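The values are calculated or read from the model by the stated rules, or taken from the named source; none is laboratory data. As the structure is a computational prediction, the values presented were derived from the model and not from experiment. FYI the Cβ positions are ideal-geometry reconstructions off the backbone, even for glycines, and counts take in every protein chain you see.
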2 protein chains.
Amino acid sequence: MTRVLIIGGGGFIGVKLARALAAQGALRGKPLARLAQADLRAPDPVAGAEGLALDITDADATAALIGQGWDVIYHLAAIVSGQAEAEFDLGMRVNLHGSLNVLQGARALGTCPQVIFTSSVAVYGGDIPPMIEDWTALNPQTSYGAQKAAAEFFVTDMSRKGFIDGRGLRLPTITVRPGKPNAAASSFMSSIFREPLQGEAANCPVGEDYPIWHCSPRVIVKNLLHAAEVDAAALGQNRCFALPGRTDTVAEMIAAMRKVAGDEPVSRITWNRDAVLEKIVMGWRAHVNPQKALALGFVRDASFEDNIRFFLEDDRA
Amino acid sequence: MTRVLIIGGGGFIGVKLARALAAQGALRGKPLARLAQADLRAPDPVAGAEGLALDITDADATAALIGQGWDVIYHLAAIVSGQAEAEFDLGMRVNLHGSLNVLQGARALGTCPQVIFTSSVAVYGGDIPPMIEDWTALNPQTSYGAQKAAAEFFVTDMSRKGFIDGRGLRLPTITVRPGKPNAAASSFMSSIFREPLQGEAANCPVGEDYPIWHCSPRVIVKNLLHAAEVDAAALGQNRCFALPGRTDTVAEMIAAMRKVAGDEPVSRITWNRDAVLEKIVMGWRAHVNPQKALALGFVRDASFEDNIRFFLEDDRA
């Protein structure tokens, strides 16, 4: 029997992951004994799950909830890039100290539970060669990236110590994400598809040549499930690595939307540059060679056309 | 006028740095208005300095002491590698949280003071190409390395935010260090020269082909002084980089000692391998191409013979 806790279980990935777990009813070859979605406000759980309230900046509360006993802990909770940039101390509290609270809580179980941590491609950037390899320096250009990158070291180190069985996944930008725009600097990378596909206008704040390293929600959920299945020994010493994604420019992605959904949605995009946002996202990297993840069996989208189709099937409001 | 605080000012580098600062009486072209050595126990200060007690794990005490006002803060204090490996939580408290307390204290001054942070070549290792370049991933193989690497991200990020003017220097192994063996896994890298040169026996726990990336205390102090002089704009976005050093094997270093000090000291070395220690130090890297530091004017030893001579001149007990 397997007990699975999703921290950040109220976010859109957390919900999709919970739904996928409930649907398959098992993980690592064992039936689910317990499935919980924890978030700052207890989420409305998916069928088969519980919704729990957890503030990961509260070390005692985090230790208590994790202390109930879990075999696999997904830690997806974070202050997103734009907000962590605007509110430095809040980002530090949640993304660094909160993540440490989760890791220490998992360690305290004494059972070496799996902790699957979502990091981000925002850990890369700056004066490093254009193609990101598995051995390329993390060189974050934002506070969010710095906090994620720092937390990664403890996922790996605490795994080496045998405290946890950590797996840190550097997610590409996830598009098309459902819902509303948020404070992530990458928010437009979904808005310019999601809003037009729902009959609304959206602004693109960067030029059409801007390249994006991206992944669909459906493939991310598949990779998060796979992360729990990978043999610990196969991961090697460094437990953190870039997930596969695709590199496409805004223009290529819009062409894909046109192919799937016709001309009308494209006409709803406006093009007003935003210098502040552009400065953040130009610090990100779009060319990644995720050899380690591919060797471990993680997957990527076949095309952005597929991704548009997934959105229309799964998420259109 | 310049006010300089050395945290970890009671350690051997801190003392040498304080002495060098007091001797030159100025930094960044301005006379010293205040020079203080802070450590867990207030150090006996060098002539011209004050000795202050500071526990950097105490956020309030750290904020209060730093709040007195400083233009340049050297943060050299750390739990060394062997001890941080044995006492994980202590290492986290001092090397990560203590460093964050120093950075936050400096930020709270509101004057964007210089913070010169000593990181370590222990941030490298594992599955990365043999030669460390400026863009090579930090891939620590020890808790000490993980804690230093994580702190580096905040030196850079808080500099980008304009909170501090940070400079993070990845020190090579410093040999020949004066004094007694300590809990650093690298302790033998000084012992096998220091003890024999002082008429005592010392054990070498690794084979003679083991390569070491090293630097003399005299050159480290020179580089720490230089770190305060480098123009902030020249540092680029990533404020942390490897200092220059030399790569020599144990055999080459012993040959250098023989050349300077004759056969007698070499005969005092015993050769008993230590598997635990070897596992730690084999995770370190000895081949580094410190282009950024060299371009910024940091220097390295001309030879290990020089280094032996420096020890005989400066430090022999």
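Taking A:G51 as the residue in question, decide whether it is touching an Asp or Glu at 6+ places or on another chain (Cβ under 8 Å) and within 14 Å of chain B (Cβ to nearest Cβ). First the steps, then the outcome.
Working: touching an Asp or Glu at 6+ places or on another chain (Cβ under 8 Å): yes; within 14 Å of chain B (Cβ to nearest Cβ): no.
No.
So which pairs qualify, if the first residue must be in region B:189-216 and surrounded by fewer than 15 Cβ atoms within 10 Å (Cβ to Cβ), the second must be among the polar types (S, T, N, Q) and at pLDDT 95 or above, the Cβ gap must be under 6 Å, and the two must be at least 6 apart or on different chains?
Here the result reads B:D209/B:T249, each pair linking region B:189-216 to a residue that is among the polar types (S, T, N, Q) and at pLDDT 95 or above.
Consider A:A185 carefully, then state whether it is within 14 Å of chain B (Cβ to nearest Cβ), crowded, with 21+ Cβ neighbours inside 10 Å, touching a residue at least 40 places away in the same chain (Cβ under 8 Å) and under 28 Å from A:V266 (Cα atoms). Can you show your working first?
Details: within 14 Å of chain B (Cβ to nearest Cβ): no; crowded, with 21+ Cβ neighbours inside 10 Å: yes; touching a residue at least 40 places away in the same chain (Cβ under 8 Å): yes; under 28 Å from A:V266 (Cα atoms): yes.
It is false that A:A185 is within 14 Å of chain B (Cβ to nearest Cβ), crowded, with 21+ Cβ neighbours inside 10 Å, touching a residue at least 40 places away in the same chain (Cβ under 8 Å) and under 28 Å from A:V266 (Cα atoms).
A quick yes/no check of all residues on (1) buried (at least 20 other Cβ atoms within 10 Å of the Cβ); (2) in the same structural domain as A:Q198 (by TED's automatic domain parsing); (3) within 22 Å of A:W135 (Cβ to Cβ); (4) modelled with pLDDT under 95:
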| site | (1), (2), (3), (4) |
| --- | --- |
| A:G262 | no, yes, no, no |
| A:P265 | yes, yes, no, no |
| A:V276 | no, yes, no, yes |
| A:D306 | no, yes, no, no |
| A:F310 | no, yes, no, no |
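Restricting to region A:220-260, and then to whatever is within 14 Å of chain B (Cβ to nearest Cβ) and surrounded by 16 or more Cβ atoms within 10 Å (Cβ to Cβ), can you tell me which residue is nearest to B:L138 (Cα to Cα)?
Among them, the one singled out is A:N238.
In this structure, does B:R239 turn out to be touching a residue at least 40 places away in the same chain (Cβ under 8 Å) and in contact with a Gly (Cβ under 6 Å, 6 or more places away or on another chain)? Outline the logic, then answer.
Details: touching a residue at least 40 places away in the same chain (Cβ under 8 Å): yes; in contact with a Gly (Cβ under 6 Å, 6 or more places away or on another chain): yes.
It is true that B:R239 is touching a residue at least 40 places away in the same chain (Cβ under 8 Å) and in contact with a Gly (Cβ under 6 Å, 6 or more places away or on another chain).
How many of the residues making up region A:109-161 are more than 7 Å from every other protein chain (Cβ to nearest Cβ) and either among the aromatic types (F, W, Y) or part of a strand (DSSP E or B) (or both)?
Counting residues in region A:109-161 that are more than 7 Å from every other protein chain (Cβ to nearest Cβ) and either among the aromatic types (F, W, Y) or part of a strand (DSSP E or B) (or both) gives 10.
Are any residues in region B:278-304 in a helix (DSSP H, G or I) and at pLDDT 95 or above, and if so, which ones? Spell out how you get there, then give the answer.
Start the filter on region B:278-304 by keeping residues that are in a helix (DSSP H, G or I), which leaves B:278-282, B:291-295, B:304.
Answer for region B:278-304, where residues must be in a helix (DSSP H, G or I) and at pLDDT 95 or above: B:Q291, B:K292, B:A293, B:L294, B:A295, B:F304.
Note down all Cβ pairs under 8 Å where the first residue falls in region A:38-65 and is at pLDDT 95 or above, the second is in a loop (DSSP other than H, G, I, E, B) and of a type in the set (D, E), and they're at least six residues apart or on different chains.
A:L40/A:D55; A:G51/A:D44; A:A61/A:D55; A:T62/A:D55
Would a scan of region A:303-312 turn up a residue that is basic (K, R) and away from chain B (no Cβ under 14 Å)?
Filtering region A:303-312 for residues basic (K, R) gives A:309.
If we keep only those that are away from chain B (no Cβ under 14 Å) too, we end up with A:309.
The answer is yes, given that some residue of region A:303-312 is basic (K, R) and away from chain B (no Cβ under 14 Å).
For region A:154-172, what are the residues that are touching a strand residue (DSSP E or B) at 6+ places or on another chain (Cβ under 8 Å) and touching a residue at least 60 places away in the same chain (Cβ under 8 Å)?
Across region A:154-172, the qualifying residues are A:V155, A:T156, A:S159, A:I164, A:D165, A:G166, A:R167, A:G168, A:L169, A:R170, A:L171, A:P172.
Could you please find all residues in region A:164-179 being among the basic types (K, R), more than 10 Å from the chain's Cα centre (by Cα) and within 21 Å of A:V102 (Cβ to Cβ)?
A:R167
Given the criteria surrounded by 22 or more Cβ atoms within 10 Å (Cβ to Cβ), closer than 29 Å to B:M131 by Cβ and in contact with a Ser or Thr (Cβ under 6 Å, 6 or more places away or on another chain), does A:G168 qualify? So that I can check it myself, show each step before the final result.
Values: surrounded by 22 or more Cβ atoms within 10 Å (Cβ to Cβ): yes; closer than 29 Å to B:M131 by Cβ: yes; in contact with a Ser or Thr (Cβ under 6 Å, 6 or more places away or on another chain): yes.
Spelling it out, A:G168 is indeed surrounded by 22 or more Cβ atoms within 10 Å (Cβ to Cβ), closer than 29 Å to B:M131 by Cβ and in contact with a Ser or Thr (Cβ under 6 Å, 6 or more places away or on another chain).
Could you tell me whether any residue of region A:119-128 is closer than 28 Å to B:P130 by Cβ, modelled with pLDDT under 95 and among the charged types (D, E, K, R)?
yes
Applying the selection to region A:37-70, what residues are assigned to a loop (DSSP other than H, G, I, E, B) and within 20 Å of A:A106 (Cβ to Cβ)?
Just the residues of region A:37-70 that are assigned to a loop (DSSP other than H, G, I, E, B), to begin with: A:40-49, A:54-58, A:67-70.
Within region A:37-70, A:L40, A:A49, A:L54, A:D55, A:I56, A:T57, A:D58, A:G67, A:Q68, A:G69, A:W70 meet the criteria.
So in region A:1-28, with the set limited to residues that are outside any helix (DSSP H, G or I) and among the basic types (K, R), which one is surrounded by the fewest Cβ atoms within 10 Å (Cβ to Cβ)? First the steps, then the outcome.
Residues of region A:1-28 that are outside any helix (DSSP H, G or I), as a first pass: A:1-11, A:25-28.
Now restrict to residues that are among the basic types (K, R): A:3, A:28.
Values: A:R3: 18, A:R28: 13.
It comes out as A:R28.
Return the total of residues in region B:129-140 being touching an Asp or Glu at 6+ places or on another chain (Cβ under 9 Å) and crowded, with 19+ Cβ neighbours inside 10 Å.
Residues flagged as touching an Asp or Glu at 6+ places or on another chain (Cβ under 9 Å) and crowded, with 19+ Cβ neighbours inside 10 Å within region B:129-140 amount to 5.
Considering only region A:130-143, how many residues are touching a strand residue (DSSP E or B) at 6+ places or on another chain (Cβ under 7 Å) and either outside the structural domain of A:Q114 (by TED's automatic domain parsing) or not small (G, A, S) (or both)?
Let us first name the residues in region A:130-143 that are touching a strand residue (DSSP E or B) at 6+ places or on another chain (Cβ under 7 Å), namely A:132, A:134-135, A:137.
Pick out the ones that are also either outside the structural domain of A:Q114 (by TED's automatic domain parsing) or not small (G, A, S) (or both) and you get A:132, A:134-135.
Here the count works out to 3.
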